[in-house]
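Here is the structure we will look at.
Coordinate-derived values only; no laboratory data. Here the structure is a predicted model, which means the values were calculated and not measured. Cβ coordinates were reconstructed from backbone atoms using ideal geometry, including for glycine residues, and neighbour counts include every protein chain displayed.
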Amino acid sequence: MAKRGKSINLFLMDGEPTGRIKCTLANWTGVAYKIPRTALDLCKERDDLKQSGIYFLFGTSDQTGNNVVYVGQAGARKNGEGLLYRLQEHKRNPDKDYWTEAVVFTTSNNSFGPTEISYLENRFCGLALSANRYEVKNGNDPTHGNITEEKESELEEFADYARIVMGTLGHKVFEPLTVSPAAPDDDEPTSSPDLMLYLKRKSHKSGKTIEATCKQTNEGFVVLAGSQIELIDSQSIPIGIKKARENAKISSEGLLREDVLFRSPSYALAFVIGGHANGLTEWKTSNGTTLKDYENSTG
């Protein structure tokens, strides 16, 4: 079944896109907030941020430069302290100085109890680890909790909506770089499948035959795990690509252990071969057509 459109309401609480954002979705009891670390004090009067909920701390690793996230839960306390109080605790914690903004999820009807937030914390942490876009800073796996199948179905629906909202707020922490195509439905229109691209060439640096696979997606070009990577850098390699090669999970034999996203075909190619080349002419479809000719033919 084809995915249906969604109506999302974004309220710029401070009148600017870099400030606080409140997000709601039609037919969803959830409420999400995107809050810059510097704007926590502006949220003191918001009663719904004193409720129970799930929060995400987003930042960048000083060591690797990669995106990082911490997933946590906050229960409402008798003194009215909930999500906001927990975020303020993290702001004072020197071990969590990496985060620059938080995204929190609660409900419009204050329906989250300890069981619900434990389940969702576990679920969201698992989704983030599976997507493998961010370094997940949680030291221990959150507990799943014991829930009925009826409650599990309800919370899974909440999680589905939360994934949409999170991506809308700019963090694709739940979305894998590539997804397997769904089975077609003859009664519904489907989106175009991602384009698979291939590379096979002998490296003059190592003498090895380099074979790699790349998938063009809506975000760019994903070099797929299992591709063979030239381990020797050329002098012409861009600095950003050199750093990407250093940070990527590549075995001592040159086998790529993870999917890696690039914005252009030439950068994806440079990552594979360790030097500069034209990705439009080097990447080819399964029938040997260059990416350049393929794009010209599909206009």
Of all the Cα-Cα pairs you can form in segment 8-168, what percent are over 26 Å apart?
22 percent
Between Ser61 and Glu156, what is the FRET efficiency for a Förster distance of 35 Å, r being their Cβ-Cβ separation, to the nearest 0.05?
0.70
Quick note on Leu224, Leu49, ordering by fewest other C-beta atoms within 10 Å, gives Leu224, Leu49
Compute for the chain: radius of gyration divided by Kirkwood radius, i.e. Rg/Rh, restricted to C-alpha atoms, rounded to two decimals.
1.03
Can you compute the charge dipole magnitude of segment 8-168 about its Cα centre, using +1 on each Lys and Arg Cβ and -1 on each Asp and Glu Cβ, nothing else charged? Give it in debye, rounded to the nearest 20.
460 debye
Would you please give the residues with an amide H less than 5 Å from that of Ile210, counting only those at least 5 places away or on a separate chain, with H modeled from the backbone geometry?
Arg201, Lys202, Ser203
Add -39500 (n - 2.57) for each DSSP H run of 4 or more in the chain, then divide by its residues: what number comes out at 222 nm, to the nearest 500 deg cm²/dmol?
-8000 deg cm²/dmol
Mean separation of Cα contacts under 8 Å, 6 or more apart, over the residue count of segment 8-168: relative contact order %
25 percent
Quick one: what are the phi-derived ³J(HN,Hα) couplings along segment 281-297, Karplus 6.51/-1.76/1.60 with θ = phi - 60°, whole Hz, x for glycine and proline?
9, 8, 6, 10, 6, 5, 9, x, 7, 5, 4, 4, 5, 5, 5, 5, 6
Relative contact order (percent, whole number), segment 195-298, Cα cutoff 8 Å, 6+ residue spacing
27 percent
Whole-Hz ³J(HN,Hα) for each residue in segment 54-66, computed from phi via Karplus 6.51 cos²θ - 1.76 cosθ + 1.60 with θ = phi - 60°, x for glycine and proline: what do you get?
10, 10, 10, 9, 10, x, 10, 6, 5, 7, 10, x, 7
Counting only C-alpha contacts under 8 Å and six or more residues apart, can you give the relative contact order of the chain as a whole percent?
13 percent
Provide the FRET efficiency to the nearest 0.05 for the Ile147-Gln235 pair, computing r from the beta carbons and using R0 = 45 Å.
0.20
Grab the Cα-Cα distance for Leu12 and Glu211, subtract it from 0.36 nm times how many residues apart they are, and report the gain in nm with one decimal.
66.9 nm
Between segment 256-291 and segment 131-181, the Cα center-to-center distance that results, in Å:
30 Å
Cα long-axis angle, helix 114-131 against the chain (0 to 90 degrees, to the nearest 10):
10 degrees
Going by average Cβ neighbours within 10 Å, how do the peptides 93-102, 22-31, 162-171, 143-152 rank, with the highest at the top?
162-171, 22-31, 93-102, 143-152
Return the Rg/Rh ratio of segment 195-298 with Cα-based radii and a Kirkwood Rh.
0.94
